[in-house]
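A short worksheet on the structure shown next.
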Amino acid sequence: RVVKADADAGDLSAKRDYAMLRFFFATGKRREEIVRLQWGDLRWQREVIVITAKHKGGIYSASEVRDPGVRTALVDYLRASGRWSDAEQMPLLDEGEPLWLRHDNAVKGKEAVSSHGFAKAVKRYAERAGIANFHLHQTRHTVARMVGEDSGSLAEVQAVLGHQNQATTRVYLQRVEVKRDRYSQSIGSRLETDEK
């Protein structure tokens, strides 16, 4: 909400940061996989954005993003940064151009945002939101938890996170998993019955 409020207020860096966060939560990708995106890594389709990116280990893969909020946030950022054509409904970017730019006074949109710079910015947003000790990598854990809860499938979580080994995926899920209580009510009822 903090990032979105700043973006809605017209802050160009916040528009970028909000679009990037939407990409993180829509894909579960690693920090470098999102930060280093270039226009040529994206294919716009009617209701889908396809991202083809290099992953950890040098593996390339393509993944779809169907969340319309991701497209909306990206278009808002590109439009605000002067890199969107309303007439053609397309970005004004060459394939090798970075998607995410720095917008500080030193470079004025001429350089790609750094992974470290973005992580620091998100940490500041988190602090303003009252979230202490936030790390950007936690977005992957959140995505893992949500996909795990929705699908109930370790294989689905593994596919979303791009892990080669299920053991790695299990570690992610164990860190964020909330063990579902299935028995406390029945045990409590039996204890109450036994007490009578």
For this session: Taking only the range 110-132 into account, find how many residues are touching a residue at least 40 places away in the same chain (Cβ under 8 Å) and assigned to a loop (DSSP other than H, G, I, E, B).
Result: 3
Exercise. From the list 88, 64, 32, 47, which residue is under 17 Å from the mean Cα position of the chain (by Cα), outside any strand (DSSP E or B), at pLDDT below 95 and acidic (Asp, Glu)?
Worked result: 32
Exercise. Restricting the search to the range 133-153, which residues are outside any loop (DSSP other than H, G, I, E, B) and either open to solvent by 60 Å² or more (accessible area, probe 1.4 Å) or over 23 Å from residue 52 (Cβ atoms) (or both)?
Worked result: 138, 141, 142, 145, 146, 148, 149, 150, 151
Exercise. Based on what the data block shows, is residue 93 touching a helix residue (DSSP H, G or I) at 6+ places or on another chain (Cβ under 6 Å), on the phi < 0 side of the Ramachandran plot and modelled with pLDDT under 80?
Worked result: no
Exercise. Has the range 145-167 got at least one residue that is modelled with pLDDT of 90 or more and of a type in the set (Val, Ile, Thr)?
Worked result: no
Problem set entry | Matching residues, the range 1-17, being small (Gly, Ala, Ser) and open to solvent by less than 60 Å² (accessible area, probe 1.4 Å) | 5, 7, 10, 13, 14
Seminar exercise, completed: Scanning the range 18-55 residue by residue, those touching a Phe, Trp or Tyr at 6+ places or on another chain (Cβ under 9 Å), over 21 Å from residue 95 (Cα atoms) and open to solvent by less than 30 Å² (accessible area, probe 1.4 Å) turn out to be 21
Exercise. Does at least one position in the range 60-72 carry a residue that is loosely packed, with under 13 Cβ neighbours inside 10 Å and either in contact with a Phe, Trp or Tyr (Cβ under 8 Å, 6 or more places away or on another chain) or of a type in the set (Phe, Trp, Tyr) (or both)?
Worked result: yes
Seminar exercise, completed: By residue number, the members of the range 73-85 that are open to solvent by less than 60 Å² (accessible area, probe 1.4 Å) and part of a helix (DSSP H, G or I) are 73, 74, 75, 76, 77, 78, 80
Seminar exercise, completed: Across (1) within 13 Å of the chain's Cα centre (by Cα); (2) at pLDDT 95 or above; (3) of a type in the set (A, V, I, L, M), residue 80 clears everything bar (1)
Exercise. Restricting the search to the range 60-77, which residues are of a type outside the set (S, T, N, Q) and either in contact with a His (Cβ under 7 Å, 6 or more places away or on another chain) or without any contact (Cβ under 8 Å) to a residue 12 or more places away in the chain (or both)?
Worked result: 60, 75
For this session: Determine whether the range 102-115 contains at least one residue that is surrounded by 12 or more Cβ atoms within 10 Å (Cβ to Cβ) and modelled with pLDDT under 80.
Result: yes
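The values are calculated or read from the model by the stated rules, or taken from the named source; none is laboratory data. Worth saying up front: this structure is predicted, and the values here are computed from it rather than measured. Heads up, the Cβs are rebuilt from the backbone with ideal geometry, glycines too, and the neighbour counts pull from every protein chain shown. Surface accessibility is based on the protein's heavy atoms, side chains included, excluding ligands, DNA and RNA. Shrake-Rupley method; radii C 1.70, N 1.55, O 1.52, S 1.80 Å.
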